[in-house]
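Working notes, beginning with the structure itself.
The values are calculated or read from the model by the stated rules, or taken from the named source; none is laboratory data. These figures come from a predicted structure and were not determined experimentally. Ideal geometry is used to build each Cβ from the backbone, glycine not excepted, and the neighbour counts take in all protein chains shown. When the accessible area is computed, the model is the full protein with side chains, heavy atoms only, and any ligands, DNA or RNA have been set aside. Shrake-Rupley method; radii C 1.70, N 1.55, O 1.52, S 1.80 Å.
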Amino acid sequence: MSASTSSSDAGSARYNAREVEQRWQSTWDERGCFTAVRDTTRPKYYVLEMFPYPSGRVHIGHVRNYAMGDVIARYKRARGFNVLHPWGWDAFGLPAENAAIERGEHPAKWTYQNIDAMRAQLKKMGLSVDWSREFATCDPEYYAQQQRLFLDMMAAGFVYQKSSMVNWDPVDNTVLANEQVIDGKGWRSGAEVERRELTQWFCRITDMAEELLTAIDDLDKWPDNVRLMQRNWIGKSTGLSFDFEIAPNDLTDETSLNVYTTRHDTLFGASFCAISVDHPLAKTLEDEIDGLAAFSAECRKIGTSEEAVEKAEKRGFDTGLKVRHPFDPDWLLPVYVANFVLMDYGSGAIFGCPAHDQRDLDFARKYSLDVVPVVCPTDQNADSFAIEAEAYVGPGRIINSRFLDGMDIEDAKAEIAKRMAAAGQGSPKVNYRLRDWGFSRQRYWGCPIPVIHCKTCGPVPAPIESLPVKLPEDVDFNTPGNPLDRHPTWKHVACPVCGAAAVRETDTMDTFADSSWYYARFTAPRCEEPTDADEVGYWMNVDQYIGGVEHAILHLLYSRFWARAMHRTGWLPETAIEPFDALFTQGMVCHETYKSPDGKWLSPDEIKPVEGGYVVTETGAPVTVGPSIKMSKSKKNVVDPEDIIAQYGADTARWFMLSDSPPERDVEWTTAGAEGAWRFIQKMWRLVNEGAAECSHATMPPSNLSDDALSLRKITHKAIDGVTSDIEGFAFNKAVARIYELVNAVSRVSGSTAHGMDFARREALETLAIMSSPMIPHFAEEAWARLGSETIVSETPWPVADESLLKDDLIVLPIQVNGKRRSEISVAPDASKTDIEALAMADDAVQRVLAGGPPKKVIVVPGRIVNVVV
RNA sequence: GGCCCUGUGGCGGAAUUGGUAGACGCGCCGGAUUCAAAAUCCGGUUCCCUUGCGGGAGUGCCGGUUCGAUUCCGGCCGGGGCUACCA
């Protein structure tokens, strides 16, 4: 394959991607084709791909993601929309600080160098991006406005400070959000997370839990799985909150214990109560009861380790306290401190009904507590129904429950709730799994929280005119911890209220804050305020958002919250509280993995193909080929987009990324596939050159088209129809297949001089140029020019299919006998049922099967099928 | 454990949502061109039986609904994702 050694003459047989691509990129640049300007006379279309983190290298996954976005952007532009397709960088975050620590390079320098390197790579892809709107979240102009938003949100009560137990990553020396703790380990460092108490800033996302939940119903252009994940994450449950009376004792003065349950129907199956080790009552008791403090300490330690959670052994400590059953003062239940009760859900206390909850059952078996079934499945006998190793959680009738006996579960719940309410003992309560978003980070490379702490005035917002609170540039990364806190002068300021000596907040914001509003900033990236009402009103919402499913929960939920907060502080119109109208989540790019005989991972360019497999290029040792998995540095199964573009050109890379696999699914990068894409572009180029010589530039088709020419026209217009709906439906792989079909059709009539063929051929080739332009824009421009057009494709409207050419005079109808296809007939598309039936019955194959007898039944579905039942 | 997605040729994947299973591409086989190769072009390619005509089977497995099921329903098996003691 000698893709890079081709002639530079545009008219020659060989297509020189490198030269062509550079040339068209300059042309687009010079003409400002993709600069978006507000224009109320045209419908707008805002397409956005999730902006990248500037790691330094463009990954092939980026190529796929941005190729998809570019298809949409270019297609919508051709359809007459005023398209906004901006670019930015999610530039704050830990890797920059790690680089600073490892290489002594300043995070800003490292980040901006990476951005420059990646921008250069990305520009080679020929994306139709409005580069004039580019920004990075670490630009002071951006984070100044983010600080402004913070202050407004603080004033409006959306952010607050509280002391809380936090997840502390001892390696990164930072606090992690609950969502950043995976199996008890830090999502980045993988270190075991500890618990520490710190004063932290939080966003009141839980206040919006209900709103965020119900609004999901209307996000009908989001994938169902993402909507479901968000629903589950918010985790609404409706239950009952009520008090147990604590029997008199000498351990505590507390007289009641509040619990939350969704299974109040099982209240008569209760055999114990359990409270979290972090429950206030448990903490009081630690001073009173020997061994409890040690038990709790042990639970807290094991609590976060992955293995312990996995094995989930239920452990408890009997406090000796007793509580009275709400419906029987003489019925006393023991109170345990238990490791499986979470403090931050419900009230941190539960009642245990072992028969109908697996955790409670495990616990009861371990501590020999009663197991009384109170719900009996309808197919079981109440007298003999017993619980063995598994709790029964299904539906049934209530038994062993006094006044509830015989009811179904829902009625029993209602009855308990009614009686509790009447007695003032409890009330219905809705609970959410969602927690408030803690977004303080003890890190340097993030947006400083614009607050000043004064001994007398407390936390005071930094004055708006003092924004941005800029990061100091002279910082020391040689000592662990937060460089802002250790900086000699930065944090010392006068209190804006009383003028006394005060200190700045040294925490910076979670980087999810940066990405929670960047989409709005793109509408007016240089505005001196967070947003410009006219611009944001015109461009928002994002019509199509594209990104990885890994952001299905965090980024998208925070953005939905932040947009609402921005609306309530006046920075977004109400119509923008759901900022992303449509969401598409694309799959990953995978590659085979290779290992040398000594078990080391090998990269694809360290090996070469031989008969029946691969060998290591240097040593000739045999290579073991492993499964195709997500490209990652550690497995070395990565291909560098820059190499691909240098060898084949951007169009080939884009084309291959869009063919074959549906965009939502993973795609496997193969050399053969890339070469196939390259050959296809060469083939199209040959056809264009051949056709350019034999083209008619007439604007109307000649009369009396020959059958061949008419047939090509029909194929062309069917392709227009198909490709259009495929792109609309994000079925790029199918659009690609249809383009192949049209290319093959043009290729078949190569050299034909049938009447009208010159017209049909030019129509087909021009259609090919425009329809392929969203995927392979450079090639399309070059082909368009070669065909003698004076405009450029990027400014040319999308073709419209001629309805009259989409219909056929005759259609082929399959004939089934007993549901098996036996024959086919050709009929007019509007042939009547009786005509079709008559034709079908006359068919040889049908006659053979019938052997003179009558059919039992004939089903005719006009335009579809005929089925003869014998 | 819970919830969700998914299973179609040698491979990636199509199938207008109940109507010709395998579009299109890759790979492979055969042929043309070539001194030869690359590139290109033409033909073939689900499997089994048959020289051919033709016939049979077939969308993970078992069953159901239907004139007709890759598509709908029930059960099982495999692969993947999210979540994880949420009371």
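Okay, here's what the table says:
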read-out: Square roots of 5 times each gyration tensor eigenvalue, C-alpha, region A:479-559, largest first, Å; value: 34, 21, 10
read-out: Rounded accessible area of A:Arg227 (nearest 10 Å², 1.4 Å probe); value: 30
read-out: Estimated FRET transfer efficiency (A:Lys630, A:Ser132; beta-carbon r; R0 41 Å; 0.05); value: 0.75
read-out: Using distinct alpha-carbon pairs, which all enter the 1/r mean, Kirkwood radius of region A:144-297 in Å; value: 19.9
read-out: Acute angle (nearest 10 degrees) that the helix A:292-303 long axis makes with the longest principal axis of chain A, alpha-carbon atoms; value: 10
read-out: Relative counts (whole %) of C-alpha pair distances in region A:443-529, using bins that are 5 Å wide; value: 3, 14, 20, 21, 19, 13, 9, 3, 0
read-out: Of all accessible heavy-atom area on region A:178-301, the percent that carbon and sulfur account for (1.4 Å); value: 44
read-out: Most to least packed among A:110-119, A:839-848, A:597-606, A:507-516 [average Cβ atoms within 10 Å]; value: A:507-516, A:110-119, A:839-848, A:597-606
read-out: Amide hydrogen neighbours beyond the local backbone of A:Trp89, cut-off 5 Å, H modeled; value: A:Phe135, A:Ala136, A:Thr137
read-out: Rounded to whole Å, sorted largest first: equivalent-ellipsoid semi-axes of region A:747-826, Cα gyration tensor; value: 36, 17, 12
read-out: Linear extension gain, A:Ile101 paired with A:Leu332, 0.36 nm per residue minus alpha-carbon span; value: 77.2 nm
read-out: Estimated FRET transfer efficiency (A:Gln358, A:Lys236; beta-carbon r; R0 22 Å; 0.05); value: 0.50
read-out: Chain A, accessible area per residue, ligands and nucleic acids excluded (1.4 Å, Å²); value: 44
read-out: Two-site label geometry, A:Val460 and A:Ala156: point separation in nm, points 7 Å out along Cα→Cβ; value: 2.5
read-out: For A:Phe81, solvent-accessible area (1.4 Å; no DNA, RNA or ligand), Å²; value: 50
read-out: Length released on extending from A:Ser603 to A:Ala386, taking residue separation times 0.36 nm less the Cα-Cα span; value: 72.2 nm
read-out: Surface/4 estimate of mean projected area, convex hull on alpha-carbon atoms of region A:31-145, nm²; value: 8.2
read-out: Rel. contact order, % - alpha carbon contacts under 8 angstrom, at least six apart, chain A; value: 13
read-out: Orientation-averaged projected area, Cα convex hull of region A:698-846 (nm²); value: 11.6
read-out: Over region A:640-734 - Rg/Rh using Cα atoms and the Kirkwood inverse-distance radius; value: 1.07
read-out: Stokes-Einstein D in µm²/s, Kirkwood radius over Cα pairs - chain A at 10 °C with 1.306 mPa s viscosity; value: 49
read-out: For region A:308-465, the fraction of alpha-carbon pairs in successive 10 Å shells from zero, as %; value: 8, 25, 29, 15, 10, 10, 3, 0
read-out: Relative contact order (%) - region A:741-787, alpha-carbon pairs under 8 angstrom, separation at least six; value: 32
read-out: Span from the region A:715-770 Cα centroid across to the region A:475-492 one, whole angstrom; value: 63
read-out: Protection proxy ranking of A:231-238, A:654-661, A:639-646 - average other beta-carbon atoms within 10 Å, highest first; value: A:654-661, A:639-646, A:231-238
read-out: Gained length - A:Thr199 relative to A:Met229, 0.36 nm times residue gap less alpha-carbon distance; value: 7.8 nm
read-out: Spin-label model distance (nm) - A:Glu550 vs A:Asp844, 7 Å beyond Cα toward Cβ; value: 6.1
read-out: Spatial separation of Cα centroids for region A:376-440 and region A:35-56, in angstrom; value: 51
read-out: Sites A:Leu806 and A:Asp29, calculated FRET efficiency, Cβ-Cβ separation with R0 51 Å, nearest 0.05; value: 0.85
read-out: Label-point separation, A:Thr671 to A:Ile859 (7 Å along Cα→Cβ), nm; value: 5.2
